[in-house]
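The values are calculated or read from the model by the stated rules, or taken from the named source; none is laboratory data. All values derive from a computational prediction rather than experimental measurement. Methodologically, a virtual Cβ is constructed for each residue, glycine included, from the backbone with ideal geometry; neighbour enumeration extends over all protein chains shown. Protein only, heavy atoms only, side chains kept; ligands, DNA and RNA dropped before computing areas. Shrake-Rupley method; radii C 1.70, N 1.55, O 1.52, S 1.80 Å.
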Amino acid sequence: MNDIYILGIETSCDETSAAVVRNGREILSHIISSQVRTHQKYGGVVPEIASREHSLHFEPVVQTALKEAKLGFDELDGIAVTYGPGLVGSLLVGVAGAKAMAYAARVPLLGINHLEGHVYANFLEAKLKFPLLALLVSGGHTNLILFQGHGDFKVLGRTRDDAAGEALDKVARALGLGYPGGPQIQQAAAGGNPRAFEFPRAMLEPQSLDFSFSGMKSAVLNTLNSARMKGVTLEISELAASFQQAVVDVLVRKTLMALAQMPVKTVVLAGGVAANALLRQTLKEELDKREVRLVYPKPLLCTDNGAMIAAAGYYRYLRQDFAPWTLNAVPGLSLA
Amino acid sequence: MKYLTLDTTTKVTALALAEDGHLVAEGFLHTSKTHSERLIPMLDQLVHAAAWELTDLELIGVVRGPGSFTGIRIGIATAQGLAQVLEIPLIGILSLEALAWAGYGRAAEVIPILDARKNEWYTARYRWRADKAQPECLTEPRAANPMAWLNELKGLGGPFLFAGDAAGKAQSLIQEILGVKASVLPEYESLPRGAYAAQAVWHKWQEQGKGEKIEPFYIRLSEAEVNLRKKERLGGDRKDDQV
Ligand SMILES: [Zn+2]
């Protein structure tokens, strides 16, 4: 079979990224232009500013990705782009640009769900066998997803309030740790006693695979407030460590609950929070006991990136599941 | 030289195929669908109808603002995507400048007004001079309060010819303040058209002789930036008070 080259484009939030991937596995080039610094002074991603940044960086990012892959547009087999979920203005920059490129280059356009893309980051790391259970944890999402084949997925559980990453961001801000919260909390938690504070772990109804992080987040904020009123100073490292432990406990417990319900032998982690060391380690220990394999992407592939979109695009290309030229951004796009 | 122009800065998707300044095919859609949905299918139809190949194109002109922020970015990303693959140059023009061509050769000053929301217009003043085949910009593009802008014009003499997507609705206000000094183009001439952009792009290309890097022209900062600047200014004032 001929080699298949897919250009992947991702602009759904605050990273402008493009990558060329061969056969869904091999990353030939990978450019990520992050706006994190731009948004830091606002304490979070500002949609209009994100869109403006994408507009400035989109063209050079794509150009560099092709140059580093030493490929011309005429050598591509398809162009994959995130069309949702995400910020509509940001998504539209990538979607408009990708459509124009695919149309002019006469190659298929592949519309990719951002969440699906995160999970496919794992296919860049390892050879995987279905069925797979994916734990997708990011600033915008917390999902347990069952993958029975390429393009065949079912969401088993989702967050009912804050996403795990969102809760981490909010607590980090309250602790004065800055944005993005995940890495900041992880750093602050180092050396802190994770049992210093007992924050509630919401498990919801007995059989539910859904998540809830807002109660846990509020408990941290209340602890902070009442200490402040009493004039007591709390150890940031202990608060961070205890909160991180509570988040990880819930994520791990729900994953194990899902596993108990189905004959799955591989779990994959995806999304920004998948880079969290405690989550990886705890889940690994538990899965080892059950002889279930854990796969997770390297930290760079846990963030929003074009390579995962190209990887997802490759499998869509094989299925000839091409997007029409009318493809639009769908900010609230869900997984089936 | 064959070229394409794209204008998605208002609710109209306006395309043109032209050759050496002569219009060959024009696309105009003012429907409820989005630019994102309409743009490539429309381009494809236009190229086919003109019996051109996309690879015949040697230049792309894009309207880079002012107008809808999202529309501006869709137009630019599309133009850049096409130009990157076809390896052809880009030319950027302003929406207001393109609209000045709606008043080609008139003695009146042309005043394009585009709906900028928040009770403002994007606007500027243009003049056609007998010795020049293109409009001359008299005041820099800006976002202006309609009443303040019309009163400013009142003090300038005129006559004025209004064009743009805000012109229809503003007709009675314009007449009320400027009276016989003002006239308003009918909607079919007043909305952005591929024909206008095709003229503006061709003139700029002849002047420049080369392509350029395209950046959006928003006029306005984002709201978050405005608020941050306000906050910084307040912080600064407080410091000054303490001194
Ligand atoms: Zn993401």
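The residue that is surrounded by the most Cβ atoms within 10 Å (Cβ to Cβ), counting only those in the range B:8-44 that are more than 14 Å from chain A (Cβ to nearest Cβ) and acidic (Asp, Glu), is B:26.
Per the conditions (1) in contact with a His (Cβ under 8 Å, 6 or more places away or on another chain); (2) free of Cβ contacts under 8 Å to residues at least 12 places away in the same chain; (3) open to solvent by 30 Å² or more (accessible area, probe 1.4 Å), the sole criterion not satisfied by residue A:56 is (1).
Does at least one position in the range A:117-125 carry a residue that is more than 16 Å from the ligand (Cβ to nearest atom), under 24 Å from the mean Cα position of the chain (by Cα) and within 12 Å of chain B (Cβ to nearest Cβ)? Scanning the range A:117-125, I find no residue that is more than 16 Å from the ligand (Cβ to nearest atom), under 24 Å from the mean Cα position of the chain (by Cα) and within 12 Å of chain B (Cβ to nearest Cβ), so the answer is no. Taken over the range A:254-283, the residue count meeting the criterion of being open to solvent by less than 10 Å² (accessible area, probe 1.4 Å) and assigned to a helix (DSSP H, G or I) is 6. Each residue in the range A:284-336 was checked for being under 24 Å from residue B:41 (Cα atoms), assigned to a loop (DSSP other than H, G, I, E, B) and of a type in the set (Phe, Trp, Tyr), and 2 of them qualify.
Each residue in the range A:72-93 was checked for being under 19 Å from residue A:57 (Cβ atoms), surrounded by fewer than 24 Cβ atoms within 10 Å (Cβ to Cβ) and within 16 Å of the ligand (Cβ to nearest atom), and 2 of them qualify.
The combined condition, being of a type outside the set (Gly, Ala, Ser) and within 17 Å of residue A:271 (Cβ to Cβ), is not fulfilled by residue A:21. For residue A:116, the conditions (1) open to solvent by 10 Å² or more (accessible area, probe 1.4 Å); (2) more than 25 Å from residue A:217 (Cα to Cα); (3) of a type in the set (Asp, Glu) are fulfilled apart from (1). Of all residues in the range A:92-108, those satisfying the criterion of being facing another protein chain (nearest Cβ under 9 Å) and either part of a strand (DSSP E or B) or in contact (Cβ under 8 Å) with a residue 24 or more places away in the chain (or both) are A:92, A:93, A:94, A:95, A:97, A:98, A:99, A:101, A:102, A:103, A:104, A:105. Go through the range A:126-157 and give me each residue that's out of contact with any strand residue (DSSP E or B) (no Cβ under 7 Å at 6 or more places or on another chain) and more than 14 Å from the ligand (Cβ to nearest atom). Matches in the range A:126-157: A:127, A:148, A:149, A:150, A:151, A:152. Scanning the range B:45-74 for residues that are at the interface with another protein chain (Cβ under 9 Å from one of its Cβ atoms) and either more than 25 Å from the chain's Cα centre (by Cα) or within 18 Å of residue B:117 (Cβ to Cβ) (or both) yields a count of 6. Listed here are the strands (runs of 3 or more DSSP E) enclosed by the range A:1-59 that have at least 2 residues being more than 16 Å from the ligand (Cβ to nearest atom) and within 30 Å of residue A:169 (Cβ to Cβ): A:26-34. Of the candidates A:112, A:32, A:49, the single residue that is of a type in the set (Val, Ile, Thr) and without any contact (Cβ under 8 Å) to a residue 24 or more places away in the chain is A:49. Would you confirm whether any residue within the range A:129-145 is open to solvent by 20 Å² or more (accessible area, probe 1.4 Å) and aliphatic (A, V, I, L, M)? So far as the range A:129-145 goes, no, none of its residues is open to solvent by 20 Å² or more (accessible area, probe 1.4 Å) and aliphatic (A, V, I, L, M). Within the range A:129-139, is there a residue that is away from chain B (no Cβ under 11 Å), within 30 Å of residue A:267 (Cβ to Cβ), among the polar types (S, T, N, Q) and touching a helix residue (DSSP H, G or I) at 6+ places or on another chain (Cβ under 8 Å)? Within the range A:129-139, one or more residues are away from chain B (no Cβ under 11 Å), within 30 Å of residue A:267 (Cβ to Cβ), among the polar types (S, T, N, Q) and touching a helix residue (DSSP H, G or I) at 6+ places or on another chain (Cβ under 8 Å). Is the range B:93-100 home to any residue that is open to solvent by 10 Å² or more (accessible area, probe 1.4 Å) and more than 14 Å from chain A (Cβ to nearest Cβ)? So far as the range B:93-100 goes, yes, one or more of its residues are open to solvent by 10 Å² or more (accessible area, probe 1.4 Å) and more than 14 Å from chain A (Cβ to nearest Cβ).
Of everything in the range A:222-264, what is touching a strand residue (DSSP E or B) at 6+ places or on another chain (Cβ under 8 Å) and modelled with pLDDT of 95 or more? Give them in sequence order. A:250, A:251, A:254, A:255, A:258, A:259, A:264 - these are the residues of the range A:222-264 that are touching a strand residue (DSSP E or B) at 6+ places or on another chain (Cβ under 8 Å) and modelled with pLDDT of 95 or more. In a residue-by-residue description of the range A:238-253, the property of being within 16 Å of the ligand (Cβ to nearest atom) and open to solvent by 10 Å² or more (accessible area, probe 1.4 Å) applies to no position.
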